Amino acid sequence: MEEQKSLRELYDLFSRVARSLGYSSVHGKIIGVLLLEGREMSLQELAKATGYSSASISLSLDLLEVFGLVKKVRKSGDRKLYVKLEGDVLDVLRHAVLAKAKQNLASTLTELERYKSSKNAKIRRAANLLEKELKRLRNYIDKLAKVEVPKD
């Protein structure tokens with residue numbers, strides 16, 4: 001009982017970190033469980049360990065699979081769906097964070113265009129200043145994307 005409680009707390013800790021990187025709580029718990037268990041797990045085992053329904057786990061696994069973080073497998077003679085962690089967790093998390101930041105910056109820059117042609121000079125100046133800073137941020141993110149993830 002003590003072990004289960006402590007494991008759930010550890011899953012929650014990892015989930016909190018994953019949420020700060022833009023993942024949902026369920027994604028973070030799935031990653032945390034698979035990482036800490038260090039083995040393939042069935043959908044039902046993941047649901048039990050995370051406290052989420054099998055349907056929520058299944059839906060979340062689709063996105064994690066697209067990111068290349070998990071792989072779904074079926075075993076011969078077994079009807080259950082199993083999931084295993086795939087690739088480097090930090091590298092995949094890093095990729096997702098950078099992609100989300102780039103996407104948000106691009107949409108913000110697009111939205112900013114309408115303010116740059118305002119008849120109000122103060123609004124135009126503010127929009128141009130914001131655009132300049134956002135482009136600096138985009139440049140910084142591009143440079144961060146080139147930084148290698150430490151292997152240990």
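The table that follows gives values for the structure above.
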| read-out | value |
| --- | --- |
| Residue count for region 111-123, restricted to those that are more than 20 Å from GLY22 (Cβ to Cβ) and out of contact with any helix residue (DSSP H, G or I) (no Cβ under 6 Å at 6 or more places or on another chain) | 7 |
| Lone qualifier among ARG16, ARG39 - being in contact with a helix residue (DSSP H, G or I) (Cβ under 8 Å, 6 or more places away or on another chain), charged (D, E, K, R) and either open to solvent by 30 Å² or more (accessible area, probe 1.4 Å) or assigned to a loop (DSSP other than H, G, I, E, B) (or both) | ARG16 |
| Only listed residue being outside any loop (DSSP other than H, G, I, E, B), within 30 Å of LEU10 (Cβ to Cβ) and open to solvent by 60 Å² or more (accessible area, probe 1.4 Å), chosen from LEU93, LEU130, LEU59 | LEU59 |
| Complete set of residues in region 42-56 that are outside any loop (DSSP other than H, G, I, E, B) and either out of contact with any Leu (no Cβ under 8 Å at 6 or more places or on another chain) or open to solvent by 10 Å² or more (accessible area, probe 1.4 Å) (or both) | LEU43, GLN44, GLU45, ALA47, LYS48, ALA49, THR50, SER54, ALA55, SER56 |
| Selected residue [of a type in the set (Gly, Ala, Ser), assigned to a helix (DSSP H, G or I) and surrounded by fewer than 13 Cβ atoms within 10 Å (Cβ to Cβ)] from ALA99, ALA106 | ALA106 |
| Top-ranked residue in region 66-90 [being under 20 Å from VAL147 (Cβ atoms), surrounded by 16 or more Cβ atoms within 10 Å (Cβ to Cβ) and not aromatic (Phe, Trp, Tyr); ranked as modelled with the lowest pLDDT] | VAL89 |
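The values are calculated or read from the model by the stated rules, or taken from the named source; none is laboratory data. All of these numbers come straight from a predicted model, not from anything done at the bench. Positions of Cβ are generated from backbone atoms using ideal geometry, with glycine treated the same way; all protein chains shown enter the neighbour counts. Accessible surface areas use protein heavy atoms only, side chains included; no ligands, DNA or RNA. Shrake-Rupley method; radii C 1.70, N 1.55, O 1.52, S 1.80 Å.
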